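The block underneath contains the structure these notes are about, expressed in structure tokens.
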Amino acid sequence: MSVEYKDYYKILGVGRTASQDDISKAFKKLARKYHPDLHPGDKSAEGKFKEAGEAYEVLKDPEKRKLYDQLGPNWQQGQNFQPPPGFENMRFHQSGPGGPGGFGAGGFSDFFETLFGGGGGFAGARGGFGGGFQQRPRRGHDAEVIYEIGLEDAYKGGPQSVSLQEQVAGPGGFPTMQTRTLKVNIPAGVKDGQKIRLSGQGGSGGPGGESGDLYLKIKVRPHPQFKVKEDNVVYDLALTPWEAALGATVRVPTLDGAVEMKIPAGVGSGSKLRVRGKGLGTAGKRGDQMVRIMVQVPKTLSTEERKLFEELARTSSFSPRA
């Protein structure tokens, strides 16, 4: 996600080495200057007031300020910002900027949410200039990860243990990796690209807000025997010329175990036979297994085999090109 970078020091009018006391004084000065109570209906003043509050929310908190300062001083206002590695899954419980307050407004900027996981907005007033800001409960972000499974697991479904690597705020606000393991029930017949929703397993919410959801996007690994085409599973069955000509009964593997299949006499290479209900999809709407006939001929012939093929060639009236 590309968002506009915000220079919080420039917004408050302080240097990057400013003390916490200087930052607090700068915010209070701007809050008094642009407070909506003094500029009713002035969207520009309201925007500056909110922007100052967002800047103060970050710079008054040593952990957030340290994280923000990692971006370095070379970012310029208006640049398209993409957070560097380590910022993607940071989550902070927002306390709301202290200081002058007293109006309802929207949430923090996309830049703030990209760095700190969403912090909510300013809630209703608590007493004009003497009050503070409170945050509305804010739902956490939804997340999506790709989960690979084998074709047999996609067909049968069942419980799976899913291990996720996620970045969390470690000591001092710096990102660290941790492993989270979830028990997931994979529905039978799940298909490639299908999403499974895990309620409440996404990003953490703001104060009092519920967590977002986690979506597992299924990726079915290629199989050495079967191919998948929409809901159907395709299997190539090799036959000898005489099995194809005379017919035969052969064992054919499926994702649910081998079955006996009767091959009709005279079947041609490339013909497809159907085993119903052995494909993917939900119960009652499962696809089929398509058995594609592949007639094979021997690469080398014994003397006796060559004589028999030569005799067949002399006596047969069959012409595939007629």
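Values in this text are rule-based calculations from the coordinates and carry no lab data. Every value quoted in this text rests on a predicted model; they were computed, and no experiment measured them. With ideal geometry, Cβ positions are generated from the backbone for all residues, glycine too; neighbour counts draw on all protein chains shown.
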Tally Lys/Arg at +1 and Asp/Glu at -1 over every other residue whose Cβ is under 15 Å from the Cβ of Arg306; what's the total?
-1
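Considering only the other residues whose Cβ falls under 11 Å of the Cβ of Gln296, what net charge follows from Lys and Arg at +1 and Asp and Glu at -1?
Numbers: positive: Lys299; negative: Asp236, Glu243.
It works out to a net charge of -1.
Tally Lys and Arg at +1 and Asp and Glu at -1 over the other residues with C-beta under 11 Å from the C-beta of Arg65: what net charge comes out?
0
Take the cross-link list Lys191/Lys262; Lys195/Lys219; Lys28/Lys48; Lys219/Lys272 and give me the ones stretching past 19 Å between alpha-carbons. List each step's numbers first, then the result.
Numbers: Lys191/Lys262 29 Å; Lys195/Lys219 10 Å; Lys28/Lys48 13 Å; Lys219/Lys272 27 Å.
Distance filter (> 19 Å) returns Lys191/Lys262; Lys219/Lys272.
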What length, rounded to one decimal in nm, is gained on full extension from Lys285 through to Arg180, with 0.36 nm per residue of separation minus their alpha-carbon distance?
34.4 nm
Amide H of Asp7 versus every other amide H placed in the peptide plane: which residues, excluding those fewer than 5 positions away on the same chain, fall under 5 Å?
none
Among Ser199, Gly247, Gly257, which residue has its Cα furthest toward the positive end of the charge dipole of segment 176-322, with +1 on Lys/Arg Cβ and -1 on Asp/Glu Cβ?
Ser199
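Suppose we keep just the DSSP beta bridges with both residues in segment 143-220; what percent of those would be antiparallel, to 5?
Antiparallel bridges make up about 70 percent of those DSSP assigns within segment 143-220.
What's the exposure ranking of Ser319, Ser24, going from fewest to most Cβ atoms within 10 Å?
So the residues, fewest neighbours to most, are Ser319, Ser24.
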